[in-house]
1. Can you name the residue in the range A:73-90 that is modelled with pLDDT of 95 or more and not aliphatic (A, V, I, L, M) and, of all such residues, is surrounded by the fewest Cβ atoms within 10 Å (Cβ to Cβ)?
2. Are there any pairs, at least 6 apart or on different chains, whose C-beta atoms fall under 6 Å, with the first in the range A:2-14 and closer than 15 Å to residue A:33 by Cβ and the second of a type in the set (Val, Ile, Thr) and buried (at least 16 other Cβ atoms within 10 Å of the Cβ), and if so, which?
3. Among the residues of the range A:31-44, is any over 23 Å from residue A:113 (Cβ atoms) and not in a helix (DSSP H, G or I)?
4. Can you find, within the range A:75-119, the residue that is nearest to residue A:23 (Cα to Cα) among those that are more than 14 Å from chain B (Cβ to nearest Cβ) and either touching a strand residue (DSSP E or B) at 6+ places or on another chain (Cβ under 8 Å) or outside any helix (DSSP H, G or I) (or both)?
5. Are there any pairs, at least 6 apart or on different chains, whose C-beta atoms fall under 9 Å, with the first in the range A:130-156 and under 25 Å from residue A:120 (Cα atoms) and the second of a type in the set (Lys, Arg), and if so, which?
6. Applying the selection to the range A:1-15, what residues are surrounded by fewer than 16 Cβ atoms within 10 Å (Cβ to Cβ), of a type in the set (A, V, I, L, M), in a helix (DSSP H, G or I) and in contact with a Leu (Cβ under 9 Å, 6 or more places away or on another chain)?
7. Can you tell me which residues in the range A:43-63 are aliphatic (A, V, I, L, M) and crowded, with 16+ Cβ neighbours inside 10 Å?
8. Find the residue count for the range A:40-62, including only residues that are more than 10 Å from chain B (Cβ to nearest Cβ) and touching a Lys or Arg at 6+ places or on another chain (Cβ under 8 Å).
Amino acid sequence: MALPLQFKAVQHHLRTAQEHDKRDPVVAYYCRLYAMQTGMKLDSKTPECRKFLVKLMDQLETMKKELGDNESVSQEVVGNAHIENYALKMFLYADNEDRAGSFHKNMIKSFYTSSLLFDVLSVFGELSEENIQHRKYARWKATYIHTCLKEGETPV
Amino acid sequence: SGSVGSSVAAAEQDELSSRLAKLRDQM
């Protein structure tokens with residue numbers, strides 16, 4: 001289903017969900033939950049947005065049934081830890097590559113995905129100051145290294 | 001018909017909110 005323009009802000013979170021459907025369904029579930037909550041705040045009035053949100057909700061309910069036994073979905077505190085660990089794992093992988101001077105597409109994507117997952121953590125409540133800083137740094141690094149590689153420069 | 005349309009929209013929004021609450025309730 002085409003993403004309504006009003007939901008552009010969550011398009012990358014939804015893409016991350018798709019990419020994790022098989023790899024880590026818990027991550028996929030919370031990315032969609034984040035998109036759902038954010039989407040409802042952005043626009044739940046126009047028919048195209050409501051239609052999209054209803055489909056997304058159907059998908060979330062199905063996923064929740066399928067993941068029924070998984071504590072990461074049935075218990076908020078476990079889910080929070082799962083997403084935070086995953087976000088930090090991606091962040092640390094990219095950060096290690098960065099510090100080793102190894103710049104490539106995968107590490108850019110890891111920085112960017114980790115920043116999206118720090119957004120997703122907000123479904124569990126307010127982000128810690130540390131996570132806010134990680135998100136800011138990861139997003140900036142992803143943009144900076146991407147620009148350097150595109151222009152043939154070596155990131156500093 | 002405008003008010004019927006907006007009533008339907010409001011009902012659908014309420015339903016979405018309650019489904020979301022239910023989804024999160026068991027977390």
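1. Within the range A:73-90, the subset modelled with pLDDT of 95 or more is A:78-90.
Right, trim to not aliphatic (A, V, I, L, M) and you get A:79-80, A:82, A:84-86, A:89.
Values: A:79: 22, A:80: 17, A:82: 20, A:84: 19, A:85: 11, A:86: 19, A:89: 13.
The extreme case among them is A:85.
2. A:10/A:38
3. Within the range A:31-44, one or more residues are over 23 Å from residue A:113 (Cβ atoms) and not in a helix (DSSP H, G or I).
4. Initial filter on the range A:75-119 (more than 14 Å from chain B (Cβ to nearest Cβ)): A:84-119.
Checking which are either touching a strand residue (DSSP E or B) at 6+ places or on another chain (Cβ under 8 Å) or outside any helix (DSSP H, G or I) (or both) leaves us with A:100-104.
Values: A:100: 27, A:101: 28, A:102: 25, A:103: 24, A:104: 22 Å.
Ranking the qualifying residues of the range A:75-119, first place goes to A:104.
5. So the pair list comes out as A:142/A:109; A:146/A:105.
6. Of everything in the range A:1-15, just one residue is surrounded by fewer than 16 Cβ atoms within 10 Å (Cβ to Cβ), of a type in the set (A, V, I, L, M), in a helix (DSSP H, G or I) and in contact with a Leu (Cβ under 9 Å, 6 or more places away or on another chain), namely A:9.
7. Residues of the range A:43-63 aliphatic (A, V, I, L, M): A:53-54, A:56-57, A:60, A:63.
Passing the criteria: A:53, A:56, A:57, A:60, A:63.
8. The total comes to 1.
The values are calculated or read from the model by the stated rules, or taken from the named source; none is laboratory data. All values reported here derive from a predicted model rather than from experimental measurement. With ideal geometry, Cβ positions are generated from the backbone for all residues, glycine too; neighbour counts draw on all protein chains shown.
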